[in-house]
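S.K.: To start, I am sharing the structure in question, which I have written as structure tokens.
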Amino acid sequence: KTGGTENYTYALAQELLRRGHKVEYYAEVRGETSKKFERMGVPYMQHVYYDLILANHVPVVEIGCKKGFTVQTCHGMLPELEQPSASAHGHVVISDELKEYLASKGFEARLIRNGVNCERFRPITPPNSALKKVLSLCQSDAANNFLSRCCAKAGVEFCALNKFTDNVWDVEKYINDADLVVGIGRSAYDAMACGRCVISYDWCDYMGEGLGDGYLCATNVENSVAYNCSGRGSKRTFTEDDFVKELQKYNPADGAFLRRFAEQNFNIVRSVDQYLSFVTQPDRFIRKFNFWRRRIAAIIHARIHNTLHKHTKIIIE
């Protein structure tokens, strides 16, 4: 199905292809997104060895580490699949919060913000001068029921796309049809890239209650991004009246600011530059990895050559 990991991986593949790299994909379960990869000219895993493997979840890291230099990107702190794997040869995190979390577990990680294709996610239609329509990209009925009541109080139209029930690919069209978007994590970043105003808020099971950073603008967006726009930094809760006040902060100029912020911080072009630096500007650990990779390959080649030579002599005699 379609979610943050799928969109992020698809954007990575697109940008790598644009630069002329050969790209393949792997997924434990192949579905609609797999078909999109293949239509784009990215085949399912075919090779035995790769120069660089960009993996997300722990089971994929365990497969990838046997096939080449594997970089694990950790997108979340709580899900079991997102935990740092000791089998990865390098680690990437998408937020300052995650960087501290991995350090507490003994892993050094590079910070690369969640990459967005800023050509796909871009302002297509300008937002209204006054707030008319709110789009929720929240992932719970509790959040959407709360937001629906708040929007009714504020006198604005409300619509929702929950990836678990409304699994759409072209979410950028729905974002561009709204003036303001409510969500956390990648949902917030996609909305920023589309030049929309954003309120950081959701009510996920692991939160225990609705949390968010509220209306994002120049004064608080960096602090929010440090915690993946999750609300875990500010830990703000909202009554319906509180949230209506957040809606009333709407200013389309803030959407234009967030678009510029997204281009500078989330652009997939910059993200790919940073990922490729693992192999183009390797640190000491990676150089050591490549050295031993070449040594092992040379030893295996020599043994195969000696075995063939020995067998040839026997045949001649």
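S.K.: Tell me the helices (runs of 4 or more DSSP H) entirely within the stretch 237-286 that contain at least 3 residues that are open to solvent by less than 40 Å² (accessible area, probe 1.4 Å) and under 30 Å from Gly68 (Cβ atoms).
M.R.: So the answer is 268-280.
S.K.: Something else: Of all residues being open to solvent by less than 10 Å² (accessible area, probe 1.4 Å) and in contact with a Cys (Cβ under 7 Å, 6 or more places away or on another chain) in the stretch 179-194, which is farthest from Thr125 (Cα to Cα)? Just the residue, please.
M.R.: Residue satisfying both the conditions and the ranking: Gly185.
S.K.: Out of the residues in the stretch 200-253 that are among the aromatic types (Phe, Trp, Tyr) and touching a helix residue (DSSP H, G or I) at 6+ places or on another chain (Cβ under 8 Å), state the one that is modelled with the lowest pLDDT.
M.R.: Going through the qualifying residues, I end up with Trp203.
S.K.: Still on this structure: From the residues in the stretch 138-150 that are at pLDDT 95 or above and either more than 29 Å from the chain's Cα centre (by Cα) or not in a helix (DSSP H, G or I) (or both), which one is surrounded by the most Cβ atoms within 10 Å (Cβ to Cβ)?
M.R.: It comes out as Cys150.
S.K.: Among the candidates Asp202, Asp190, single out the residue that is among the charged types (D, E, K, R), in contact with a Ser or Thr (Cβ under 8 Å, 6 or more places away or on another chain), in contact (Cβ under 8 Å) with a residue 12 or more places away in the chain and within 18 Å of His75 (Cβ to Cβ).
M.R.: Asp202
S.K.: Looking only at residues that are open to solvent by 30 Å² or more (accessible area, probe 1.4 Å) and acidic (Asp, Glu) in the stretch 38-89, which one is nearest to Asn114 (Cα to Cα)?
M.R.: Glu80
S.K.: Is the stretch 120-134 home to any residue that is open to solvent by 10 Å² or more (accessible area, probe 1.4 Å) and under 30 Å from Gly64 (Cα atoms)?
M.R.: Yes: the stretch 120-134 contains one or more residues that are open to solvent by 10 Å² or more (accessible area, probe 1.4 Å) and under 30 Å from Gly64 (Cα atoms).
The values are calculated or read from the model by the stated rules, or taken from the named source; none is laboratory data. Here the structure is a predicted model, which means the values were calculated and not measured. When we count neighbours, we look across all protein chains shown, and the Cβ atoms used for this are built from the backbone with ideal geometry, even at glycine. Please note that ligands, DNA and RNA were not included when accessible areas were found on the heavy atoms of the full protein model with its side chains. Shrake-Rupley method; radii C 1.70, N 1.55, O 1.52, S 1.80 Å.
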